[in-house]
Amino acid sequence: MIEQLLIGKRGIGDSEFSFAVYIENQPPMDEYQQLNEVVALKTGEISRIGQVCGNGWRKVFNVYAKLLYALDSNYFNFSSFAPSWQQYRDQYLLQSNSQTALLFSPPELISSSDNNVIHIICGRTYAKKLLNEGQLAAQLLWLNEEFAIDTKQKIIICPYFDYRQLSNIKIDYLASLLRQFRATG
């Protein structure tokens, strides 16, 4: 099953992810421009990307870690690995065995009912581009101007991972949507 999920996937994180975030851009560093697979980060690489690429990438990683840490621990175990979201970000996020990935390629979804991967697409604009280009086959229900969901394929469209677009209140809302995926099957 995992082999099917990885065909054409490009990004950073655990190649056996169960939690995938899709983002249109990638860090403007040579080692991330030519990726043709999912590559695990090593301890310290998130900090290095933030230093080299600036505050925008620090925000992406911070929001990702804050989201994972905000998830209901009855259904997701991410917060059990570290005492704070900052430590989780630095010691586990997007590393081997983290089950997390940040993907720079369009989603390749499996319609099988036993698919347990959660897919989050960052940004309504990116999601609409994927839909318009035929790169996302989803039955989206728009919950409001910023969030959409396809419960069958476990897809959520949310604001871009940035403090202004995905505030703490919106992170909590997103976490509640994700809890539904686990609580219902």
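Each value in this text was obtained by applying a stated rule to the coordinates, not by laboratory testing. Note that this is a predicted model, so its numbers are computed, not measured. With ideal geometry, Cβ positions are generated from the backbone for all residues, glycine too; neighbour counts draw on all protein chains shown.
Every residue, every condition in (1) surrounded by fewer than 19 Cβ atoms within 10 Å (Cβ to Cβ); (2) touching a strand residue (DSSP E or B) at 6+ places or on another chain (Cβ under 9 Å); (3) within 24 Å of ILE155 (Cβ to Cβ); (4) not charged (D, E, K, R), yes or no:
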position	(1), (2), (3), (4)
GLU24	yes, yes, yes, no
ALA40	yes, yes, yes, yes
VAL60	no, yes, yes, yes
ALA65	no, no, yes, yes
LEU68	no, yes, yes, yes
SER79	yes, no, yes, yes
THR100	no, yes, yes, yes
PRO107	no, yes, yes, yes
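Identify the single condition in (1) more than 16 Å from the chain's Cα centre (by Cα); (2) acidic (Asp, Glu); (3) within 21 Å of ASN25 (Cα to Cα) that GLU145 does not satisfy, given that it satisfies every other one.
Result: GLU145 fails condition (3) only.
Regarding segment 56-73, can at least one residue be identified that is part of a loop (DSSP other than H, G, I, E, B), in contact (Cβ under 8 Å) with a residue 24 or more places away in the chain and not small (Gly, Ala, Ser)? Show your work before the answer.
Start the filter on segment 56-73 by keeping residues that are part of a loop (DSSP other than H, G, I, E, B), which leaves 71-73.
Next, only the ones that are in contact (Cβ under 8 Å) with a residue 24 or more places away in the chain stay: 71-72.
Okay, now just the ones that are also not small (Gly, Ala, Ser), so 71-72.
Yes, that holds for at least one residue.
Can you tell me how many residues in segment 126-162 are farther than 19 Å from LEU177 by Cα and not basic (Lys, Arg)?
Summing the residues that are farther than 19 Å from LEU177 by Cα and not basic (Lys, Arg) in segment 126-162 gives 9.
Quickly run through segment 23-55 and pick out the residues that are in a loop (DSSP other than H, G, I, E, B) and aliphatic (A, V, I, L, M).
Here is the first cut: in segment 23-55, the residues in a loop (DSSP other than H, G, I, E, B) are 23-29, 34-37, 40, 42-44, 54.
Passing the criteria: ILE23, MET29, LEU35, ALA40.
Is one or more of the residues making up segment 119-128 under 15 Å from the mean Cα position of the chain (by Cα), free of Cβ contacts under 8 Å to residues at least 40 places away in the same chain and surrounded by 17 or more Cβ atoms within 10 Å (Cβ to Cβ)? First the steps, then the outcome.
Kept after step one, since they are under 15 Å from the mean Cα position of the chain (by Cα), are these residues of segment 119-128: 119-124, 126-127.
Retained after the next criterion (residues that are free of Cβ contacts under 8 Å to residues at least 40 places away in the same chain): 124, 127.
If we keep only those that are surrounded by 17 or more Cβ atoms within 10 Å (Cβ to Cβ) as well, we get 124, 127.
So far as segment 119-128 goes, yes, one or more of its residues are under 15 Å from the mean Cα position of the chain (by Cα), free of Cβ contacts under 8 Å to residues at least 40 places away in the same chain and surrounded by 17 or more Cβ atoms within 10 Å (Cβ to Cβ).
Are there any pairs with C-beta distances below 7 angstrom linking a residue in segment 38-50 that is in contact (Cβ under 8 Å) with a residue 40 or more places away in the chain to a residue that is basic (Lys, Arg), with the two at least 6 apart or on different chains, and if so which?
Filtered contacts from segment 38-50: VAL38/LYS9; ILE46/ARG89.
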